[in-house]
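The values are calculated or read from the model by the stated rules, or taken from the named source; none is laboratory data. What you are looking at is a predicted structure, and each value in this text was computed from that prediction instead of being measured. Cβ: placed from backbone, ideal geometry, glycine included. Neighbour counts: every protein chain shown. Remember, those area values only see protein heavy atoms, side chains included, never the ligands or the DNA or RNA. Shrake-Rupley method; radii C 1.70, N 1.55, O 1.52, S 1.80 Å.
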There are 2 protein chains.
Amino acid sequence: MALTISELARSGGVGVETVRFYQRRGLIDDPRPSRFGGAKGRRHYGDDEVRRLRFVRGAQRAGFTLDEIARLLELDRVNDRPAARTMARERIEALDRKIAVLQAARASLTRLAKACAGGPDGPCPILESFTDS
Amino acid sequence: MALTISELARSGGVGVETVRFYQRRGLIDDPRPSRFGGAKGRRHYGDDEVRRLRFVRGAQRAGFTLDEIARLLELDRVNDRPAARTMARERIEALDRKIAVLQAARASLTRLAKACAGGPDGPCPILESFTDS
DNA sequence: GTTGACTCCGTATCACGGTACGGAAGCTAT
DNA sequence: ATAGCTTCCGTACCGTGATACGGAGTCAAC
């Protein structure tokens, strides 16, 4: 606990500038609390910030945009389960579509790699790839 | 055959501006052939352009960047099979990693959706999602 | 108690893949 | 042969997610 911004960044595998970017986007807490009439000092970060940063990176891997991630954090704050559930389910559906597209593309590439493996003659129809998918 | 640019665009499910963007990137042929000392007229497009446009869209679905797609088209032009094979195989590996990430994310979301389905009490740990993946 | 790293903050810039705008010129249907 | 879509072309702008820069302030170690 009591991490500096660079330690927090390292803990999330991102750069300092990225942490600051997330702060500006409201994904990590207010860097300018300005409560107590000033508090100009250097900020320190704890478990909550580490958890949030991890969550942001994980949610990005799931394909959420930063705007959506901000909404998810707000849903967590107000404990809005139905909305959270809806967002999760919609993302699952999008992921399923995406995974299917990638698997079809993978199959096309496998076919291409196999075709181009033969000698200098024979087919290697790059341009004809992906015609199905 | 002998399509206008808007017909070509429609055939690929993209906008006219996107076709023009691809032309500038060299993905679809030179819009300014300037051969025959001028030829200022309006261009027409045929099967080759339709195939290229389809290929570009398919390769994008496979996760290739436009720069990579330009290289693939060049490899096709010079019939460089080993390089084509290498690009295909590297992309397959990247796709496998990506698909695994998306499947892990999907599993996390499924767990989240299930957890948040209960009544107003009980866990719905949005922020704890993706902790594994 | 000074030096050197780190931090804060605003603002600028980047990469990627488009998307839009505006003027001139070319078709096409009436 | 004129109105009114398209096209052509250069250039500008957009959204997303960062990443960089520069100057002032702060902290920690020697």
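Go through the range B:87-123 and give me each residue that's under 27 Å from A:SER129 (Cβ atoms) and touching a residue at least 24 places away in the same chain (Cβ under 8 Å). Listed by number, the residues that qualify are B:ARG91, B:ALA94, B:LEU95, B:LYS98, B:VAL101.
Of the residues in the range A:88-105, not one is within 8 Å of chain B (Cβ to nearest Cβ), charged (D, E, K, R), assigned to a helix (DSSP H, G or I) and in contact with a Cys (Cβ under 8 Å, 6 or more places away or on another chain). Within the range B:70-84, the set of residues being within 21 Å of the chain's Cα centre (by Cα) and of a type outside the set (Lys, Arg) comprises B:ALA70, B:LEU72, B:LEU73, B:GLU74, B:LEU75, B:ASP76, B:ALA83, B:ALA84.
Cβ separations smaller than 6 Å between residues 6+ apart or across chains give the following pairs from the range A:55-67 residues that are not assigned by TED's automatic domain parsing to the domain that holds A:LYS98 to residues that are near DNA strand D (Cβ under 10 Å from one of its atoms): A:VAL56/A:LEU27; A:VAL56/A:ILE69; A:ALA59/A:ILE69; A:LEU66/A:ARG25. In the set A:ALA100, A:ALA70, only one residue is hydrophobic (A, V, I, L, M, F, W, C), open to solvent by 30 Å² or more (accessible area, probe 1.4 Å) and not assigned by TED's automatic domain parsing to the domain that holds A:SER11; that residue is A:ALA100.
The set of residues in the range B:10-26 that are more than 8 Å from DNA strand C (Cβ to nearest atom) and without any contact (Cβ under 8 Å) to a residue 40 or more places away in the chain comprises B:ARG10, B:VAL16, B:VAL19, B:GLN23, B:ARG24. When residues in the range B:50-67 are screened for being open to solvent by less than 20 Å² (accessible area, probe 1.4 Å) and within 14 Å of DNA strand D (Cβ to nearest atom), 1 of them pass.
Can you tell which of A:LEU53, A:LEU95, A:LEU66 is of a type in the set (A, V, I, L, M, F, W, C), more than 15 Å from DNA strand C (Cβ to nearest atom) and at pLDDT 95 or above?
None of the other options fit; the residue is A:LEU95.
Taking the range A:52-62 as the range and being part of a helix (DSSP H, G or I) and farther than 15 Å from A:ASP30 by Cα as the test, the residues that pass are A:ARG54, A:PHE55, A:VAL56, A:ARG57, A:GLY58, A:ALA59, A:GLN60, A:ARG61. One residue stands out among those in the range A:69-87 that are of a type in the set (Asp, Glu) and either more than 7 Å from every other protein chain (Cβ to nearest Cβ) or under 13 Å from B:ALA105 (Cβ atoms) (or both): the one that is nearest to DNA strand C (Cβ to nearest atom), which is A:GLU74.
Only one of the listed residues (B:ARG25, B:ARG32) is modelled with pLDDT of 95 or more and either open to solvent by 30 Å² or more (accessible area, probe 1.4 Å) or away from chain A (no Cβ under 13 Å) (or both). That residue is B:ARG25.
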